[in-house]
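Q: Here you go, one structure.
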Amino acid sequence: MSSETIGALIFLVKFLLLFVVITVFVLVATWYERKVIGHMQQRIGPKRVGWHGLLQPIADMIKAFFKEDSIPRGADKLFFWVAPIIGTVFAMMAAVAIPFGPPVVLFGRTITLNVVHLSSGALYMLAMLSLVSFGAIFAGLSTKSKYPIISAQREVAQVISYELILSAALLNSVIMAGSLDLTKIVEAQSHLWFIFYQPVAFVCFLISMFAIAGRVPFDLPEAENELVAGFMTEFTGMKFSLFYFAQYTVIFTVSMLAVILFFGGWLGPSFLPPVVWLFIKWAFFIFLYTWSWATFPRYRYDQLMKISWKILLPIVIINILWTGFALQFGLPYLH
């Protein structure tokens, strides 16, 4: 068997494993969020389908599969069909660059623990995450309905605003590691995690994470009390489910990115495998998403824009300048 064939098989196996991991995460997350938020708000949550409602995600998936697929009469049918797929595809394309551990040697061959290893993985993931929003934009505009169109406009403004903050916050870790390679960024934290050097950048990144994923308190594109269900209002069945699959995939990806950039990725004491440490840290951010949903009210749209442009942007720019200054002049706390 040729080297190219072996490489293609390894790529296929790694991609299928990633797809299975994300699919299981989406199914579990839909149950986990309802149970955790239920307890936080003194409700029961899913209870009847399976033990403590564990089979509820399966029931939801079966229901979505058999639900009637309707298309508004005046909708652009091509974009109406393509929109849910766009978000899902680009979300998965962002996830393929996530390194789940250091490279391993298997049968004399070095295998990276990501589907695709890129020397500019951080830049690639930012690009793919920004393209996910095109699914919501096409969905809102293709229906030619009032509320979805407003939702699409909000999605554009929100992504532009907070993608900028996310990128600038990420740049601090890139500057300190001297590389866009996510594996090298983790290795650069072997002495101390970047969260201790860059707490301000981390806070900016954390806030942007919620906005990029469109989750409470920044779920303005959906905003059910204003826009029914936003860009998803006219979608049913599996199309509706694909939007949620894309959203949870983004949550999975940006949470992993936060761990890699600021919390040392898979680095940890040797009594647990590196991939276990990675997922332990990642689980903390998944809990933050759920905790936020149960705790914070939704911001007004003017507040959303003010936080980005008037507060976070000046802070993160000053922080970048400070990071460059500190590295240039060799301040002691960076060594």
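Quick note: the coordinates plus some simple rules give every number you see, no bench work behind them. Bear in mind that the values here come from a model prediction, so they are computed numbers and not experimental data. Note that we place each Cβ from the backbone using ideal geometry, even for glycine, and neighbour counts take in every protein chain shown.
Q: So how much slack lies between residue 120 and residue 59, counting 0.36 nm per residue of separation and subtracting their Cα-Cα distance, in nm?
A: Stretched out fully, the residue 120 to residue 59 stretch lengthens by 17.9 nm.
Q: Given the -39500 (n - 2.57) contribution per DSSP H run of 4+ residues, what per-residue ellipticity at 222 nm results for the chain, rounded to the nearest 500 deg cm²/dmol? Each step should come with its number before you reach the end.
A: Details: 12 runs with 217 residues, N = 335.
About -22000 deg cm²/dmol.
Q: Between residue 175 and residue 40, what FRET efficiency follows from the Cβ-Cβ distance if R0 is 22 Å, with the result rounded to 0.05?
A: The formula returns an efficiency of 0.05 here.
Q: Testing the spin-label approximation: label points 7 Å from Cα along Cα→Cβ at residue 228 and residue 294. State their distance in nm.
A: Modelled inter-label distance: 3.2 nm.
Q: Once both labels are modelled 7 Å past Cα along the beta-carbon direction, what's the residue 24-residue 317 spacing in nm?
A: 4.6
Q: For residue 190 and residue 73, what does the FRET efficiency come to when R0 = 51 Å and r is the distance between their Cβ atoms, rounded to the nearest 0.05?
A: It comes out at approximately 0.30.
Q: Using only the alpha carbons, work out the radius of gyration and Dmax of region 183-243 in angstrom.
A: 17.9, 51
Q: Convert 20 °C to kelvin, take the viscosity as 1.002 mPa s, use the Kirkwood radius over C-alpha pairs of region 17-153 as Rh, and evaluate the Stokes-Einstein diffusion coefficient in µm²/s, rounded to a whole number.
A: Rounded to a whole number, D works out at 117 µm²/s.
Q: OK, next. Kirkwood hydrodynamic radius (Cα pairs, Å) of region 162-309?
A: Taking the inverse mean of 1/r over all distinct Cα pairs, region 162-309 comes out at 16.6 Å.
Q: Pairs of Cα atoms under 8 Å, at least six residues apart: use those to get the relative contact order of the chain, whole percent.
A: Value for the chain: 21 percent.
Q: Still on this structure, please answer the following. Take the Cα coordinates of region 273-335, assign each an equal point scatterer, and use the Debye formula without solvent to give log10 I(q)/I(0) at q = 0.21 Å⁻¹.
A: Debye curve over Cα of region 273-335, log10 I(q)/I(0) at q = 0.21 Å⁻¹: -0.90.
Q: Oh, and also: Considering the convex hull of the alpha carbon atoms of region 71-334, report its projected area averaged over all viewing directions, in nm², one decimal.
A: The directionally averaged projection comes out at 15.7 nm².
Q: At R0 = 22 Å, how high is the FRET efficiency between residue 326 and residue 280 if r is their beta carbon distance? Nearest 0.05 is fine.
A: Values: r = 30 Å, r/R0 = 1.37.
Step by step, r from the Cβ atoms, then E = 0.15.
Q: Tilt of helix 146-177 relative to the longest C-alpha principal axis of the chain, in degrees (0 to 90, nearest 10)?
A: 10
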